[in-house]
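So the structure is just underneath, and the comments pick up after that.
Nothing in this text is a laboratory measurement; each read-out follows from the coordinates by a stated rule. Here the structure is a predicted model, which means the values were calculated and not measured. Note that we place each Cβ from the backbone using ideal geometry, even for glycine, and neighbour counts take in every protein chain shown.
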Amino acid sequence: MSGDGTFGNDDDAPLEVGSVSPEVLDELSRLFGDEPSSSDVTIVEADDGAGETVTTFVEVVETVDESAVTESDPSPDSTIDGSGAGPSAGTGRGADTDARVLPFRHGPDDSPPENLGDPLIVIDEEADPADRSTDVDPRFEERRRAWARRDRLKRVRWLKIAGLVAGVTVFVLVVMASPLFAVRSLTFEGNVYTGRQNIEKVRKILKGTSIFTADTSRARSVLLSDPWVADVRITTHFPSSVVVEVSERVPVVWYVGTDNKARMVDARGHVIDVLAGFPTKYLQVKGTGPAVKAGDVADDAYRAAAQLVLALPDEIRPKVTALDLSPAGELSMVLKGDTLVRFGTPVDLQNKLVAVIVLLRRQDPRTIAVIDVSAGDPTVLAR
């Protein structure tokens with residue numbers, strides 16, 4: 001220290017690291033809360049030339065990049081010049097370490113040190129300016145808070161929607177599984193010739209299942225596999241009823257197959273059933289036809305014969321006793337009194353039938369032996 005009481009650089013009197021009295025250590029412990037360690041605190045004593053001893057300690061308060069720290073061999077002979085520059089002796093830390101220097105003054109009587117002022121903060125000039133805190137524009141801060149608030153509200157809204165959907169889903173599943181909606185009443189309508197076995201299969205599929213999950217498609221497929229069934233309609237009625245409406249095919253004609261069994265055919269040519277006996281209730285197409293199984297489609301000639309019968313007016317249908325299909329595929333119709341009507345190949349049957357009806361209305365069928373419309377214009381052969 002110079003005569004005016006200020007510190008200065010004195011090349012003739014370097015600062016030396018010396019021992020510290022117990023009183024100083026107690027005071028340091030009281031000030032900093034922990035007992036100082038020789039690795040964290042450096043004690044420096046110097047004579048200011050006025051009979052007073054100045055004690056200075058350096059405390060490391062921040063550690064920088066470890067790569068910049070180099071190991072050094074602490075030596076008790078290390079010195080610090082009066083300006084405080086250079087690494088701290090005995091600390092093993094580099095020059096990039098921030099340190100806080102606190103000066104104390106010892107009196108001649110070794111009285112407790114007196115704090116000479118506020119701590120001196122040594123700032124690393126090479127530190128990154130980006131690390132230093134800067135003031136933020138309040139407008140930007142308010143905008144950031146608004147965005148954060150909007151994001152929170154959006155997340156809350158989506159959570160509410162997800163919770164609502166989950167709740168509705170659970171409610172629907174519980175209702176669907178409730179026994180209150182189990183099918184207890186099952187009604188069939190229009191089933192006259194439908195197989196009893198298929199009816200029982202449908203009962204097992206639908207009875208006892210939930211009205212919401214009843215497999216009506218499978219039940220419909222089972223019934224449609226029956227040759228007698230043309231269409232099926234299944235309707236559900238709350239809380240536990242199901243109605244099955246069956247539309248059956250209508251036989252129009254029948255013929256005898258090569259196996260000597262009768263095949264009943266509807267207007268679309270479907271073979272509805274195969275019988276060991278002869279269904280005399282319907283018109284027979286004479287001749288021997290293919291042995292087609294039930295559910296398959298017969299030849300076009302049998303389909304044409306069935307459509308011809310359906311087209312007959314009420315005044316002529318009772319007079320028809322049978323139809324005949326020759327091996328060449330020519331179709332004929334037999335009336336009461338053995339009057340024969342030849343249609344030829346089943347082509348343009350509608351116009352041919354109209355010509356026959358006009359002729360029969362003008363002339364008594366009992367006076368006619370043969371009516372031939374195979375060529376288009378009617379030709380009459382009288383008895």
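Run the numbers for Val156 and Val250: contour at 0.36 nm per residue of separation, minus the present Cα-Cα distance, in nm.
Working: separation 94, 0.36 × 94 = 33.84 nm, distance 6.50 nm.
Here the answer is 27.3 nm.
Using C-alpha pairs below 8 Å separated by at least 6 residues, the relative contact order for region 253-382 is 17 percent. Relative to the compact-globule estimate of 2.2 N^0.38 Å, the Cα radius of gyration of region 135-176 comes out at 2.01.
Placing a label point 7 Å from the Cα of Asp338 along the Cα-to-Cβ direction, the residues of region 268-295 with a backbone N closer than 19 Å are 286-287.
Rg and Dmax of region 253-382, based on Cα coordinates, read 14.6, 43 Å. Annotation: amide H of Gly329 has no partner in the under-5 Å range at sequence separation 5 or more or interchain, hydrogens built in the peptide plane. Size descriptors for region 181-248, from the alpha-carbon set: Rg then Dmax equal 11.1, 33 Å. I'd like the distance between the alpha-carbon centres of region 243-274 and region 159-233, rounded to an integer number of Å. Their Cα centres are 30 Å away from one another. Length available on full extension from Phe171 to Lys319: 0.36 nm per residue minus the Cα-Cα distance, which gives 46.5 nm.
Net charge of the neighbourhood of His270, taken over other residues with C-beta under 13 Å away and scored Lys/Arg +1, Asp/Glu -1, is -3.
Count Lys and Arg as plus one, Asp and Glu as minus one, and take only other residues whose Cβ is under 15 Å from that of Ser241; the net charge is then +2. In this structure the amide hydrogen of Arg249, modeled in the peptide plane, comes within under 5 Å of the amide hydrogens of Val229, Ala230, none closer than 5 places in sequence on its chain. If you take all other residues with their beta carbon under 11 Å from the beta carbon of Tyr302, and give Lys and Arg +1 and Asp and Glu -1, the sum is 0.
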